[in-house]
Structure formats: C-alpha cells, structure tokens
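To keep things clear, I will list the structure first and then write my remarks on it.
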Amino acid sequence: MALIRSISGIRGTIGGRAGEGLTPLDILKFSMAYGDWLRGKNPGKRVKVVVGRDARTSGDMLNRLITGTLIGLGIDVVDLGLSTTPTVALSVTFHQALGGIIATASHNPERWNALKLLDEWGEFICAADAAEVFARAESGGCRFAPADELGRVVRDDLAIERHIDRVLALPLVQVESVKAARFKVVLDAVNSTGGIAVPPLLEKLRVRAELLYCDPNGRFPHNPEPLPAHLEDISKKVVATGADMGIAVDPDVDRLVFICEDGTPFGEEYTLVAVADYVLAHQRGKAVSNLSSSRALRDIAQKHGQACLSAAVGERYVVEEMKAHCAVIGGEGNGGIIYPEAHYGRDALVGIALFLSHLAEKGQSLSELRASYPAYHMAKRKIRLVPGLDVRRLLQAVEKAFEGEEMTTVDGLRIDFSESWVHLRQSHTEPVLRIYAEAHSAKAAEKLTAETIAVLSRIAERRSDDIP
C-alpha cells in the first residue's frame, strides 16, 4: 500500500518495501526532508525540534529513527517520549522550538504509524509547506552535519504535567464546580498515551475514574477509532459500575467521545456541539467546524446569536478559518475540540475539562444534556479506493448526477438538500473515499448514504471518458 502524504503528515502501514509501507528508509527520508526544510526556513539559527510519540509498538523505532536523523542534521531534539499530540504542540512553543514531530497514526489500527509535522507555533504545517517537505524527500541531496556540529538531545518528562496545569488554568474550566459534582467516569484510553495523560487530569478535578485499557503498551484491544461500534466494552462498564459517563480518547488524545450513563453514545458529533454550547454561553464569537460536521453546531451557534462557518476537512484548514474570523471555538465532528484560549489544535484534555464544567453548570445527566440538543443523525461509510482511480473525475460525475442541488466543492463534494446533506471526500489518512450523510433520522441518513453509494456504483460501471 502506497504511503499517504497530506497536511496530516506521512502515514502508512509498518514494514514492506520502501515507498509502499512505512519502512525505516521512509522514516529517515521524511525526517531528513522535514529537518532540511526547517534549516532552510531558518538560516543561521540553531534549530530545535520537539519529538513525541503515542504508545504503538512501532513507536520506539520511529522515535529513534526520527531523533537520530535530526541529530545528524545538526538539529537539537527535545524528546518527550510517550506523549500526546496536543502535548507535543504545546511543548513546541514552551521550548521555543522551530517545529515538532509526533509519531502517531491517530485513529488508524495498530499496524499503522505516521509522522505528524508541526511548525514553530505547534500547529500542523500548511499545504504549501507540506508540499515543499515532500519535494525535498524525493530530491534527496541533503547535507548532514560534521561530528562537531551534531545536534543534542534533552529529555522532557514534565510536558504532560504542564499541559494539565495549563488546561486547569483556563478561565472557563470551573475546577471547584467539577470537584463539587463528584463525577464518576469510566475511561477507555485504548492502551495508548491517554492512559498516562487523562487520569492525572481527572484526579486533579476529583473525578473518580474506573480505568479500562489504560496501560500504554500499544496493544489496542479494539479498533482505536472512537466510534460507537468500537466502544461496546466501555458502554457495558458504564452501566455495570453506575458511572455518570464514559470517556474515550483515540491513541494520540486529540479526539474525544462520551458515553451516557445508560450506556448509549452521546455521539462524537455532539462532543463539539456541547462544548461550543458552553463556550458560546460565556464568550461572544464565531464557531467553526468542517464540511463533514453536524448541522447541530450551526443551530447552537444561532441560539447564542453567533455565526457558524465551515472549512475543509483537516485540522489545519479549520484552524486557518478560525484565525481568519477570530472564532472562539472550533473543531471537527470526529470529537476534536479546538479552543484558542488553550492553543490552536485538537485537544481531548481541553475538551474533557470544558465538557465537565458544562455538565457541572447544567446539573443534568448526560442523556438529559444530549436530549436538549437538536436531533440529527449521521451515517458514515467508507469505500476502499483501488489504485489508479481518478477520484476527482469520479466526483465530477457524481456532481452531474445530482445537478440542480446546492453543492460545495471546497473539499471533495458536499450536496445539501433541504432536510439533509451528503459529503464525499478522499481521506487524508486512509486509502478510502469517505461518505458522510446527515438527516433528522438514522434511517434517512443511512438511506442517503446507500443511495449515494448506488450512484457511485452505477457511475463506476460506465465505460466512458469520465471514469477511469
């Protein structure tokens, strides 16, 4: 399987042939290209890069290869070891580094890994910078440092603690109210670094936590993408233990979902909706989500007299839109919360603290809170892409099939109907075409995805100039 290159980094399955899987040669090549790009961007400066990883079994290998390559380029490294994506992001600015690399494939299964690349602000590099890094990777020819100019490595074991302290210091995090609420939760950290980052946060908030899959050994006990189908164990344990809620995070702790006290999913789309409801009740400003996120966020923003804007899918694109419009809250419908008061990046620790503050203020159960929000239902499907398929031309053919409807082509193809919408786009992180649909009932959303897939199938079967 070919490597996936996007603003989300360089991603692939571990092993195989160079250029197909994510092999040691590929890790060296892209680490070298990123380091060389940073040197070129900062001539005459001593370059420093923060490096961290999630708990995948391949993570130690990536960490060693990345660190060794950067040292060889004459770049200093701050090694966080096991960490989270938002912790690395915050550490870039704390250490006044010029970039950061996180070895994590986020929600992908255990056999995957990736290099996520950050700029000097601790934010994902933009599309133009990513293209330059990828070009340098292919051209080679990088100059390595002589022995007396090699980089140095320092260890930082306090980064997660600083991250938690920063979260608790946010004005909207009502620490005393959360403590007084005496919440009991079940935490599923999928045996990755959420197991070392979330429990200390909960402890400082005096939240009693039953730990499920919190040993950071990298052996994922279920599919690590925090979707309802993968969270049956935590749902059962919430009911069995009489917990107020379940909390689940993905392997690098930038996505967050909740389980209601009765074991039903709160809904990954509604993580952002609930946090935005809380933030917009206390701060005036716009909200931003991506084109694949629920209309419920728009409804909540309008309730507070604020606008809700849409961006292309991808954290960097959402951040750019938030900055352009001075938004006070944003994120993605996959459970990603971006709160600028903390930093411009998805952060499950920030999301947990704001959500618990909201719940403590409301004095409701999770199921009651969920019932208070607009009722939308989303269906999410994905179709594996065969090599050589021209996705752009395929979507153009779909556009013709739905001619006359309201459409957006900023990111793939989104078609808006009066009571529903469907969004088709090529994934940044997997070799798949994602199909998301939303309607006022689960049945209607599933029907819309099925109809869209049927249209795709009919188009793909045509032997015409439009479809390869």
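The values are calculated or read from the model by the stated rules, or taken from the named source; none is laboratory data. This structure is a prediction, so every number in the text was calculated from the model and none was measured. Ideal geometry is used to build each Cβ from the backbone, glycine not excepted, and the neighbour counts take in all protein chains shown.
Of the residues making up the stretch 318-339, just one is in a loop (DSSP other than H, G, I, E, B) and without any contact (Cβ under 8 Å) to a residue 40 or more places away in the chain, namely His325. Take Asp233 and tell me if it is buried (at least 24 other Cβ atoms within 10 Å of the Cβ) and either touching a residue at least 24 places away in the same chain (Cβ under 8 Å) or not aromatic (Phe, Trp, Tyr) (or both). No, not satisfied.
Against the conditions (1) touching a Phe, Trp or Tyr at 6+ places or on another chain (Cβ under 7 Å); (2) farther than 24 Å from Leu90 by Cα, Ser357 satisfies every one except (2). Just to be sure, is Ala437 assigned to a helix (DSSP H, G or I) and either touching a Ser or Thr at 6+ places or on another chain (Cβ under 9 Å) or not basic (Lys, Arg) (or both)? No; evaluated as a whole, the condition is false for this residue. Residues satisfying the criterion are absent from the stretch 105-119 (criterion: farther than 25 Å from Pro224 by Cβ, in contact (Cβ under 8 Å) with a residue 12 or more places away in the chain and of a type in the set (A, V, I, L, M, F, W, C)).
Considering the stretch 10-28, the residues that are out of contact with any Ser or Thr (no Cβ under 9 Å at 6 or more places or on another chain) and in contact (Cβ under 8 Å) with a residue 40 or more places away in the chain include one that is surrounded by the most Cβ atoms within 10 Å (Cβ to Cβ), namely Ile10. Pull out all pairs, ordered by first then second residue, where Cβ-Cβ is under 9 Å, the residues are six or more apart or on different chains, the first lies in the stretch 38-54 and is over 18 Å from Glu132 (Cβ atoms), and the second is surrounded by fewer than 23 Cβ atoms within 10 Å (Cβ to Cβ) and of a type in the set (Ser, Thr, Tyr). Within 9 Å, the pairs are Val51/Thr67.
Scan the stretch 97-123 for residues that are surrounded by fewer than 21 Cβ atoms within 10 Å (Cβ to Cβ) and in contact with a strand residue (DSSP E or B) (Cβ under 8 Å, 6 or more places away or on another chain) and the total you get is 3.
His440: outside the structural domain of Arg295 (by TED's automatic domain parsing) and either among the aromatic types (Phe, Trp, Tyr) or touching a Lys or Arg at 6+ places or on another chain (Cβ under 9 Å) (or both), yes or no? Considered against the rule, which asks whether it is outside the structural domain of Arg295 (by TED's automatic domain parsing) and either among the aromatic types (Phe, Trp, Tyr) or touching a Lys or Arg at 6+ places or on another chain (Cβ under 9 Å) (or both), His440 comes out as no. Screening the stretch 227-248 for residues that are modelled with pLDDT under 95 and among the aliphatic types (A, V, I, L, M) and picking the one that is nearest to Ser58 (Cα to Cα) gives Leu227.
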